[in-house]
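Q: Quick one: this structure, given as structure tokens, is what I'll be asking you about.
Quick note: the coordinates plus some simple rules give every number you see, no bench work behind them. Computed from a predicted structure; not experimentally measured. Note: ideal-geometry Cβ built from the backbone for every residue, glycine included; neighbour counts use all protein chains shown.
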Amino acid sequence: MESALKTSVRVRFAPSPTGYPHLGNIRTALFNWLFARHHGGKFILRIEDTDITRKVEGAEGVILDSLRWLGLDWDEGPYFQSQRLHYYHEVANRLLKEDYAYLCYCSTERLAVMRREQMRRKQPPKYDGHCRYLTQQEKLQLEASGIIPVVRFKMPLQGETTFHDLIRGQVTFKNSTLDDLVLLKSDGYPTYHLANIVDDHLMAISHVLRADEWLSSTPRHIVLYQALNWQPPRFAHLPMILGPDRAKLSKRHGATTIVDYKEQGYLPQAMINFLALLGWSLDDRTELLSREELIKHFSLERVSKTAAIFNKRKLEWMNGVYLRQLRPEEFIQQAIPFLDRHLPASVKRPLCSNYIRQIMPLLQERAKTLAEIPQLGSFFFLDELQYDPSLFLSSGLDAKTATQAIEIALRRLKIAGVWDANSLEGILRPLAAELNLSAGKFFGLLRVATTGCTAAPPLFQTMAVLGKERCLKRLTTALQRILTLL
RNA sequence: GCCCCCAUCGUCUAGUGGCCUAGGACGCCAGCCUUUCAAGCUGGAGAUCAGGGGUUCGAAUCCCCUUGAGGGCACCA
């Protein structure tokens, strides 16, 4: 079984360029990719651009970029359905000839009225088969009228269609609930249903792994395969990913496209790991898995059936884990573009790479995303710090004591020789005792003075990186500001 | 309205008849570490396994009903 799969697995990711890919789309791509890689099969990329009215400019480029960013490499394609119209026409003609399909001349207006009427009567909206039963004479008349018809499939009126879903098990639909779906639109493009099965067949797709929303169109596809006497692929319907309000993901939920996550500073490996765990699990404890481990262990049997609500907090945590795991040099390389883009314009570019190299280790274990690094470390770069002088008193010191403490610190630091973390600690820690201040309070004071923040990386290291000149200048400014509190 | 699917802590999940007085992770709370923050470590709160019926010596696990949620029902994918 396993070896048979190994030679024959061919799966595809088939997005339509009607928008940018969101988490759900990418999760589908990921599962297909993992399945292919696990079985040593092929992962094929196919762009389903058969709706020219909904096509979004640039969407396909974004789709490809997203896959590349995540490292989901494909073995064939991208194929474009818009360039394969002749295949669909050929199949539609064959179905027409073999009486599995018919031409339908109904106007969109008539269909809309029909549907509205059905809804009003609380009946399921369904094509009424008007053109299925045209007389020979009516056909000739309509043909002569110049109306461009669509091709509709003759859905069996009785019986039922059953298929085995690899995740859901046996699923059965009554054929009477299926309607005569359109195969070929009047603009000459196929509908999803036609193009999809034609390509899956022609491309020898072995397994269709797609989102749950397609489950109810699967019987239609099965019936089409039967009409064409083609062997259908195996199906596996993946659970959906929902927003926090349990609804389908949309713009309301904030970042939904994968590009947004890239821009917010999530790492592809974190994204992959997180997405893999949305609907799949290895066991009862493993959370962190590398790409290789995912490939090794991925299996459809461990895909869950329940829709998942995507939990951004957990993604943030996981991204932090991956950020901390980066080698320092790599962290720096990843951080630089974000610093460049998000540090205030007043900070001179190009940024000094030597300075950055010293700063980044202090930020690496504090950042959850790359995008928050500029924010976290902006005080390293700014000439003039903006902060509320009352921060000096936040630890409960009075203005007079604070003033004295900074004055003395300034005096001692001016005459400091070596300016590294150890030496600074050697000067400042005894000074706290000398001033009869707790280390926490005294260092807190200096922290505000040198960084403008009450929370920052360790004081001595921070001051060492800032350098003597900058620190003395900031302490002097701090002294001036604290005087306003007296 | 009709059809399909699903149902374990707030969220992601483990669990496939006895190992479950239900395990892990995120988040939350507390403690430790500590110059703040973060990280790390330790501990805690948090699920009468949606509800109700069965089946069985025994059910989160099997069956039925109810409820709830999601998806589909286009010349969109």
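Q: What number, rounded to the nearest 500 deg cm²/dmol, is the helix-based mean residue ellipticity at 222 nm of chain A, given -39500 (n - 2.57) per DSSP H run of at least four residues and division by all its residues?
A: Rounded to the nearest 500, it is -14500 deg cm²/dmol.
Q: What is the angle, in °, between the Cα long axis of helix A:85-97 and the longest principal axis of the Cα atoms in chain A? Nearest 10 is fine, range 0 to 90.
A: With rounding to tens, the tilt is 30 degrees.
Q: Can you work out ³J(HN,Hα) from phi for every residue in the stretch A:120-132, in order, using Karplus 6.51 cos²θ - 1.76 cosθ + 1.60 and θ = phi - 60°, giving whole Hz and x for Gly and Pro?
A: 4, 7, 6, 9, x, x, 7, 4, 7, x, 2, 7, 5
Q: Still on this model: Normalised by the number of residues in chain A, what is the relative contact order in percent for Cα pairs under 8 Å and 6+ residues apart? Walk me through the intermediate numbers first.
A: Details: 665 pairs, mean separation 60.1, N = 486.
Rounded, it is 12 percent for chain A.
Q: Separate question: Excluding residues on the same chain fewer than 8 positions from A:K42, give the lysines whose Cα lies under 23 Å from its Cα.
A: Leaving aside lysines fewer than 8 places away in the same chain, those within reach of A:K42 are A:K6, A:K296.
Q: Mind putting together the pair-distance distribution for the stretch A:269-371? All Cα pairs, 10 Å bins, whole percent per bin, short to long.
A: 13, 37, 26, 17, 7, 1
Q: Once you compute Rg and the Kirkwood Rh from C-alpha atoms, what is the Rg to Rh ratio for the stretch A:102-173?
A: Numbers: Rg = 16.5 Å, Rh = 14.9 Å.
Over the Cα atoms of the stretch A:102-173, Rg/Rh equals 1.11.
Q: Turning to a different aspect of this structure: Residues with amide H under 5 Å of A:R234's amide H, sequence separation 5 or more or different chain, H placed in the peptide plane at 1.01 Å from N; which?
A: Excluding prolines and chain starts, which carry no amide H, the hits are A:H207, A:V208.
Q: Right, something else. Output the direction-averaged projected area (hull surface divided by four) of the convex hull of the alpha-carbon atoms of the stretch A:120-159, in nm².
A: Taking the Cα atoms of the stretch A:120-159, their convex hull projects to 4.4 nm² on average.
Q: Name the lysines eligible as straight-distance cross-link partners of A:K126: C-alpha to C-alpha under 26 Å, and not fewer than 8 places from it in the same chain.
A: Cα-Cα hits under 26 Å: A:K97, A:K139, A:K154, A:K174, A:K185, A:K248.
Q: Next question. Within the P(r) computed for chain A, what percentage of the Cα pairs occupies the region above 40 Å?
A: Of all Cα-Cα pairs in chain A, 43 percent lie more than 40 Å apart.
Q: Roughly what angle does helix A:23-38 make with the longest principal axis of chain A, taking Cα atoms, 0 to 90 degrees, to the nearest 10?
A: Roughly 80 degrees between the two axes.
Q: Using a 10 Å cut-off on Cβ atoms, rank the peptides A:183-195, A:263-275 from the highest mean neighbour count down.
A: By packing density, highest mean first, the sequence is A:263-275, A:183-195.
Q: Hand me the trypsin sites (Lys or Arg not before Pro) from the stretch A:310-369 located in a DSSP loop with no more than 15 other Cβ atoms within 10 Å, in residue order please.
A: A:K348
Q: Exposure proxy check: A:F173, A:F31 ranked by fewest other beta carbons within 10 Å?
A: The order, fewest Cβ neighbours first, is A:F173, A:F31.
Q: Shape verdict for the stretch A:339-486, please, from the Cα gyration tensor: rounded (a/c under 1.5), prolate (a/b greater than b/c) or oblate.
A: It comes out prolate by the Cα gyration axes.
Q: Could you pull out the GluC sites (Glu not before Pro) across the stretch A:64-161 that fall in loop regions by DSSP (anything but H, G, I, E, B) with no more than 16 other Cβ atoms inside 10 Å?
A: Numbers: sites: A:E76, A:E90, A:E98, A:E109, A:E117, A:E138, A:E143, A:E160; in loops: A:E98.
Filter output for the stretch A:64-161: A:E98.
Q: Then there is this: With θ taken as phi - 60° and the coefficients 6.51, -1.76 and 1.60, list the Karplus ³J(HN,Hα) couplings across the stretch A:318-332 in order, rounded to whole Hz; mark glycine and proline as x.
A: 5, 4, x, 4, 5, 5, 5, 6, 5, 5, x, 4, 5, 4, 4
Q: Checking the a/c ratio against 1.5 first, then a/b against b/c, what shape does the Cα gyration tensor give for the stretch A:18-173? Display every interim value, and only then the final one.
A: On the way: a/c = 2.05, a/b = 1.77, b/c = 1.16.
Since a/c reaches 1.5 and a/b is larger than b/c, the shape of the stretch A:18-173 is classed as prolate.
Q: Something else: Where a Cα-Cα gap under 17 Å defines reach, which aspartates and glutamates qualify for A:K414, not counting those fewer than 8 residues away within the same chain?
A: Partners found: A:E425, A:E469.
Q: Nearest 10 degrees is fine. How inclined is helix A:468-483 to the longest principal axis of chain A, computing both from alpha carbons?
A: 80
Q: For chain A, just give the cysteines left without a disulfide-compatible partner, judged by no other Cys Cβ under 4.7 Å.
A: A:C106, A:C352, A:C453, A:C471, each lacking another Cys Cβ under 4.7 Å.
Q: Would you work out if the stretch A:81-207 is rounded, prolate or oblate? Take a ≥ b ≥ c from the square roots of the eigenvalues of the alpha-carbon gyration tensor; rounded if a/c is under 1.5, else prolate when a/b is larger than b/c, oblate otherwise.
A: Note, shape of the stretch A:81-207 comes out oblate.
Q: Among A:404-413, A:445-454, what's the highest-first ranking by average C-beta atoms within 10 angstrom per residue? Kindly include the intermediate steps, with their values, before the conclusion.
A: Working: A:404-413: 16.6, A:445-454: 22.2.
My ranking of the peptides, most packed first, is A:445-454, A:404-413.
Q: At a threshold of 8 angstrom on Cα-Cα distance, excluding pairs fewer than six apart, so keeping six or more, what relative contact order does the stretch A:409-486 reach in percent? Walk me through the numbers on the way to the answer.
A: Details: 48 pairs, mean separation 28.6, N = 78.
Value for the stretch A:409-486: 37 percent.
Q: Follow-up question, since we're still on this one. Gap in Å between the Cα centre of the stretch A:262-306 and the Cα centre of the stretch A:163-238?
A: Measuring centre to centre over Cα atoms gives 28 Å.
Q: Another question, then. So what's the gap between the Cα centers of the stretch A:417-463 and the stretch A:308-336, to the nearest angstrom?
A: Each part's Cα centre sits 30 Å from the other's.
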